[in-house]
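Down below is the structure, laid out as structure tokens.
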Amino acid sequence: MIKKCEFNNIAFLSRIYVNEQEVNKYITDLNKMVTAVNILQEVNTDNVIPTTHMTSMRNIWRQDTVKSSTNSVKKILFNNAPEAENCFYKIRKVLNI
Amino acid sequence: MLVNILILNNKINKVNNEMEKYETMIGLEVHMQINTKSKIFCECSTDFGCQPNSNTCVICTSQPGALPLLNKQAIEAVVKTGLALNCKINVASNFSRKQYFYPDLPKNYQITQFSLPLCYNGTLKFIYKDKEKIINIQRIHLEEDAGKLIHKDNYSLLDLNRAGIGLMELVTSPELHSAEESFIFLNTLKDIVEYLATSQCNMEQGQMRCDVNISIRQVNQQTLGTKVEIKNLNSISAVQDAINYEYARQIKTLTDGGKVVQETRAWDSKLNITKSTRPKENCLDYRYFTEPNLIPLNLNDTLITKLYKEIPELPYLRKQRFMVSYQLNAYDASYLTSTKLLADYYEKAVKFSKNNKIAPKLLANWIATELISKLNVSKLNIDKSPVTSENLAKLIDLIISGKISGKIAKQIFVEMYKTSIDPVTLINKMNMKQISNESIIIALCNESIKENSKAAFEFQTGKVKAIDYIVGTVMKKSKGKANPQLVVKIIKELLKNSVNKI
């Protein structure tokens, strides 16, 4: 079961602000999900091959060729940024590590 | 004064004694940019040095709904590298998301591999202090690079050209024991990867970066000490410096009665120290899960066999073969096999040469001195050398056959470098052909003896070195073209005859 300190850590890592009134509501909701998963955990999966995707397709890839996006696309992408300097995106200062 | 020195000596001895009690355990995480034309999940160019953010698209800037398109070449490069390093291959593999917030990562997660890396359980062999050493490689996996941040006083600038370039991350077991060993490991790895051409490993361009995990423990202790991770190392020498610093710091911490704290430290290349970094997040949890937007891999035997066959002769074996086949010493062989391009150039030249006894050694000398110094000045790689391997072989053959002297060869070489013209054409054009016609040389020698009668007399009366003046004059008169051995022989004969006449 999820505890309050775990919840706060997940919220911090996900950069989601949750106010005090909401915390208990979300913990209750999340714990309902954990209960549901716990029921699934009871199924015997000894002879089941681990699956990550619901498709039998494999090796979907492309050859190594260069195709630049058009200047108009690049312009749209760039204009989406709140701030820019020369050709760089300008952002708040971050710790250099 | 004496007392002070004694105290100081005691202190030094104490530190040295303490150092002997501990051993260092070092594990490396090496990131190498994969040598592909396009990025790993989109078709943007991977060219270095372009205008910031010019190599970006909806995928590598993470626009909502944009889906990754996997580059097959990136998979092949990692598998080939793994095979060359004796790794096992996970033929069934997939990608995972590693979630964290940092502005150089626009999706807020990095696509990487988690439980099923493409390669695992490999080894890398190298020679350290004349002994063979084998380091285990735990895994090599594929992931995407992040963008580049430039930090200003009050803000940061972001360039996403690098975001999404394919990276292979190689993780070793903590089996290296010193900065020097780590240095040799990294150089050996770099040489192999460059031979495979799976990464260019250009450190100045950030194509090879390294994190170091380092801990110390008392000799004979079984468990590992507390591990410290050092980041921000972008040259092999920085890795060496950081290990030496951190080793001393950890020993001092323990001998002072403190405890080594598990943490991430950054290397400050200006101050030459490691600094504790504030933890990015209070409890790091990357919440890995399988990347749903990329279909899993199932590599077949045909592909693996094809990649295996593409692995060229690797530097260590090539060096051994050069020593045996071309009678080179270990130093020359090491130097010539240090890059594949250089070794290829040399071997091609040896094959072109008509002389297979003296030419291999002479070619090695000419490449290592004349050619490389010129290439360094013009900042050219050997594959762009204006003097082709074929033309260099021709020049060496001309020296061996006595058609030109070594001195003239150097002059011709300068012209070859400037013009890329073959040496035979240049010799005719520059009128540099060696004079081996005896009657011409006799005439020149007679003139020179007359002009240097004092030197001639000295030679005849036993001062052997005096002949050099006369030889010098002949060479000057012939503009360096007279065959020097023939000149010496003829002068000696002429002077001997004139003594007899006396």
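The values are calculated or read from the model by the stated rules, or taken from the named source; none is laboratory data. Fair warning: this is a prediction, and the values are worked out from it, not measured in the lab. We place every Cβ from the backbone using ideal geometry, glycine too, and count neighbours over all the protein chains shown. SASA here: full protein model, heavy atoms, side chains in, ligands and nucleic acids out. Shrake-Rupley method; radii C 1.70, N 1.55, O 1.52, S 1.80 Å.
For a quick check: with amide H placed at 1.01 Å from N, whose amide H comes under 5 Å from residue A:93's, ignoring anything fewer than 5 positions away on the same chain?
Residues meeting the criterion, in which the H sits 1.01 Å from N, are B:156.
Using 0.36 nm times the number of residues separating residue B:263 and residue B:129, minus their current alpha carbon distance, what extension gain do you get? Provide the component values of the computation, followed by the final result.
Numbers: separation 134, 0.36 × 134 = 48.24 nm, distance 3.23 nm.
The span from residue B:263 to residue B:129 would gain 45.0 nm if fully extended.
Per residue of chain B, what 222 nm ellipticity follows from adding -39500 (n - 2.57) for every DSSP H run with n ≥ 4, rounded to the nearest 500?
Details: 17 runs with 209 residues, N = 502.
Result for chain B, helices only: -13000 deg cm²/dmol.
Helix B:340-352 against the longest principal axis of chain B: what's the angle in degrees, Cα atoms only, rounded to the nearest 10?
Value to nearest ten degrees: 30.
How much of the DSSP bridge set in chain B is antiparallel, in percent, rounded to the nearest 5? Spell out each step's value before the answer.
Numbers: 56 of 61 bridges.
In chain B, DSSP labels about 90 percent of beta bridges as antiparallel.
Quick check: at a probe of 1.4 Å, how many percent of the accessible area of the range B:123-228 sits on carbon and sulfur atoms? Don't skip to the end; give the middle numbers.
Numbers: 1930 of 4370 Å².
After summing per-atom areas, the C and S share lands at 44 percent.
State whether the range B:184-341 is rounded, prolate or oblate according to the following rule on the C-alpha gyration tensor (a ≥ b ≥ c being the square roots of its eigenvalues): a/c under 1.5 gives rounded; otherwise a/b larger than b/c gives prolate, and the remaining case gives oblate. Each step should come with its number before you reach the end.
On the way: a/c = 2.28, a/b = 1.39, b/c = 1.65.
Oblate, since a/c reaches 1.5 and b/c is not below a/b.
Could you work out the relative contact order of chain B, using alpha carbon pairs under 8 angstrom and six or more residues apart, expressed as a whole percent?
On the way: 827 pairs, mean separation 63.6, N = 502.
About 13 percent, as a whole number.
Quick check for you: with a 1.4 Å probe and neighbouring chains kept, what is the accessible area per residue of the range B:438-501, in Å²?
Values: 3990 Å² over 64 residues.
I get 62 Å² per residue for this part.
Just name one of B:30, B:443, B:168: the one whose Cα is farthest towards the positive end of the charge dipole of the protein assembly as shown (beta-carbon charges, Lys/Arg +1, Asp/Glu -1).
So the residue we want is B:443.
In Å², and per residue, what accessible area does the range B:315-429 have when probed at 1.4 Å with the other protein chains present? Please report the intermediate quantities before stating the final value.
Working: 5990 Å² over 115 residues.
For the range B:315-429, the per-residue accessible area is 52 Å².
Would you mind checking which residues have amide H under 5 Å from residue B:200's amide H? H placed 1.01 Å from N; only 5 or more apart, or other chain.
B:35
Positive end of the charge dipole of the protein assembly as shown (Lys, Arg +1 and Asp, Glu -1 on Cβ, about the Cα centre): tell me which of B:339, B:389, B:308 has its Cα farthest that way.
After comparing all options, I get B:389.
What angle do you read, to the nearest 10 degrees and between 0 and 90, between the alpha-carbon axis of helix B:467-477 and the longest principal axis of chain B?
80 degrees
Estimate the FRET efficiency between residue B:358 and residue B:439 by the formula 1/(1 + (r/R0)^6), using the beta-carbon distance for r and 30 Å for R0, to the nearest 0.05. Don't skip to the answer; put the middle values down first.
Working: r = 30 Å, r/R0 = 0.99.
Efficiency computed from Cβ-Cβ geometry: 0.50.
Which values of log₁₀ I(q)/I(0), to two decimal places, follow from the Debye formula for the protein assembly as shown at q = 0.06, 0.08, 0.11 Å⁻¹ with a uniform point scatterer at every Cα?
-0.50, -0.78, -1.18
From the backbone phi of the range B:229-237, what are the Karplus-calculated ³J(HN,Hα) couplings (6.51 cos²θ - 1.76 cosθ + 1.60, θ = phi - 60°) in whole Hz, Gly and Pro given as x?
9, 10, 10, 6, 9, 10, 8, 5, 6
With runs of 4+ DSSP H residues as the only contributors, calculate the mean residue ellipticity of chain A at 222 nm using -39,500 (n - 2.57) per run, divided by the residue total and rounded to the nearest 500.
On the way: 3 runs with 41 residues, N = 97.
Helix-only estimate at 222 nm: -13500 deg cm²/dmol.
So how tilted is helix B:438-451 from the main axis of chain B? Cα-based, degrees 0 to 90, rounded to 10.
Taking the Cα atoms of chain B, the angle to B:438-451 is about 80 degrees.
How big a patch of accessible area, both sides summed and in Å² to the nearest 100, lies buried between A and B at a 1.4 Å probe?
Working: alone 10190 and 27530 Å², together 33340 Å².
Using a 1.4 Å probe, the pair buries roughly 4400 Å².
How large is the accessible surface per residue of chain A, computed with a 1.4 Å probe and reported in Å² as a whole number? Don't skip to the end; give the middle numbers.
Numbers: 7870 Å² over 97 residues.
That works out to 81 Å² per residue.
Could you check the simple spin-label distance between residue B:237 and residue B:498, using points 7 Å along Cα→Cβ, in nm with one decimal?
Between residue B:237 and residue B:498, the simple spin-label model gives 5.8 nm.
Report, as a whole number in µm² per second, the diffusion coefficient that Stokes-Einstein gives for the range B:130-227 at 37 °C and 0.692 mPa s using the Kirkwood radius over alpha carbon pairs. Please list the in-between numbers first.
On the way: Rh = 16.3 Å.
Result for D is 202 µm²/s.
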